[in-house]
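Participant: After the structure tokens below, expect a handful of questions from me.
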Amino acid sequence: MTPPWLRRSSASALAAFLFLASLAGAQVAPPPGAASALLAGEKSHLFGGQYDPQAPTDLPGDLKPEWAGLIGEYGSDLARFYVLEDGGELRILSGWFDLETLHPLSPNVFKLPASGPHGAQTVTFQQSAAQTITAVEIAGVVYPRRPFDTPGEFFHITPLRPVAELRKDALATTPPVEPGDFRKPDLVQLNQLDPTIKLDVRYATSRNFLGAPLYLQARAYMQRPAAEAVARASARLHQLGYGLIIHDSYRPWYVTKMFWEGTPPEKRMFVANPAKGSKHNRGCAVDLSLYSIKTGEEIRMVGGYDEMSERSYPFYPGGTARERWHRDLLRHAMEAEGFTVNESEWWHFDYKDWAHYPILNLTFEQLESSAAQE
């Protein structure tokens, strides 16, 4: 049974509404009651509005180091809440509606405000022998910490079949045939258009969700108009001290087939159905993030690249203000150049003209061989 202090409306239902509202420019009628206040009120910045284009240099402050291990998700699927940082304060967001500040009593013990909806409850974070946070106790109830990524880690699943077997079968299969009058493909490499664009193509390494290399080379191709739009976004971000780092872009269809066949059904919302092809297959989608021009280091976001969890949603409210700010900055820069963020992946952006290009299944080696012959 859900404890009274955490009993609220369905998070997944609100998540779906929030995304649909963002697609419609928030012009759809909001749900009644607290959700209306959330979308238009003081908590709206948590759901994809942390970055303010009217104040583009207002980067949120650093997280207090002693709070880093506390931030995350706690509870079960039906009774989940978030410990996050916002405005320099540690806060709890429960039921998507109740946002309360945690007032420190000691390093791992906090107090909820007496004026809040849950009263002056004591919040105690529990540690393991290794000094990592494992749970939080509130009102005598212990809520386990949910899995959470850390810097340097990457998301990984156990493929349904061996990767070598997936590759063999995918290469022996042909892409779907589409009717239509498509533009002639003109794939160009992003880092040749803009040498400041960095490549960290995870599928050319074992640092990806399938745990094995899928490409023979690290390359980042896109259709020329899309590539030029990425270069413009890169130039826009340079003004604020950031560059772009590419994790994937054009993807041969056979790799999409491998993703689908290797991913458990409950996780397939994060991969494209090969029966329809993907925007990556058309050279009009890109997976990317930010790096600091000053340090050269990749910027930490709320969740990791290719992580198959709600942390990947572009409106996910957890993490730190700075992480959400950077995620929303990336989205703003890309949308200004004709891209749309994927509903399940903050890093994935689709170019507006994707439907004008065919599904392709050319390997990087075939593309380079063709370019050499021209």
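Participant: Considering each of G95, G75, G140, G116 in turn, give the residue that is buried (at least 19 other Cβ atoms within 10 Å of the Cβ) and more than 24 Å from R322 (Cα to Cα).
Facilitator: G75
Participant: Further question: Could you tell me which residue of the stretch 57-72 is modelled with the lowest pLDDT, considering only residues that are within 17 Å of R324 (Cβ to Cβ) and not in a loop (DSSP other than H, G, I, E, B)?
Facilitator: The qualifying residue modelled with the lowest pLDDT is G72.
Participant: While we're on this one: If we keep just the residues of the stretch 325-342 that are of a type in the set (G, A, S) and surrounded by 16 or more Cβ atoms within 10 Å (Cβ to Cβ), which is nearest to R300 (Cα to Cα)?
Facilitator: A333
Participant: Considering E266, E345, E297, E365, which residue is touching a residue at least 40 places away in the same chain (Cβ under 8 Å), of a type outside the set (S, T, N, Q) and surrounded by fewer than 18 Cβ atoms within 10 Å (Cβ to Cβ)?
Facilitator: Numbers: E266 fails: touching a residue at least 40 places away in the same chain (Cβ under 8 Å); E345 fails: surrounded by fewer than 18 Cβ atoms within 10 Å (Cβ to Cβ); E297 fails: touching a residue at least 40 places away in the same chain (Cβ under 8 Å).
Unique residue meeting the criteria: E365.
Participant: Go through the stretch 203-244 and give me each residue that's touching a Phe, Trp or Tyr at 6+ places or on another chain (Cβ under 7 Å), surrounded by 20 or more Cβ atoms within 10 Å (Cβ to Cβ) and in a helix (DSSP H, G or I).
Facilitator: Y203, A226, A229
Participant: Tell me which strands (runs of 3 or more DSSP E) are completely within the stretch 121-193 and hold 3 or more residues being modelled with pLDDT of 95 or more and within 27 Å of the chain's Cα centre (by Cα), or say none if there are none.
Facilitator: Result: 187-189.
Participant: Based on this model, can you work out whether V83 counts as in a loop (DSSP other than H, G, I, E, B), in the same structural domain as Q131 (by TED's automatic domain parsing) and either closer than 24 Å to H332 by Cα or modelled with pLDDT of 90 or more (or both)?
Facilitator: no
Participant: Look at K279 and say whether it is of a type outside the set (F, W, Y) and out of contact with any strand residue (DSSP E or B) (no Cβ under 6 Å at 6 or more places or on another chain).
Facilitator: Here the answer is no, as K279 does not meet what is asked.
Participant: Go through the stretch 263-374 and tell me which strands (runs of 3 or more DSSP E), entirely inside it, have 1 or more residues that are more than 12 Å from the chain's Cα centre (by Cα), outside the structural domain of D52 (by TED's automatic domain parsing) and closer than 21 Å to G211 by Cα. Spell out the reasoning first.
Facilitator: Working: elements: 285-292, 339-342, 345-351.
In the stretch 263-374, 285-292 are the strands (runs of 3 or more DSSP E) which contain 1 or more residues that are more than 12 Å from the chain's Cα centre (by Cα), outside the structural domain of D52 (by TED's automatic domain parsing) and closer than 21 Å to G211 by Cα.
Participant: If we scan the stretch 67-76, do we find a residue that is without any contact (Cβ under 8 Å) to a residue 40 or more places away in the chain and touching a strand residue (DSSP E or B) at 6+ places or on another chain (Cβ under 7 Å)?
Facilitator: yes
The values are calculated or read from the model by the stated rules, or taken from the named source; none is laboratory data. What you see is a predicted model; the values in this text were computed from it and never measured. For neighbour counting, all protein chains shown are included, and Cβ atoms are generated from backbone atoms with ideal geometry for every residue, glycine included.
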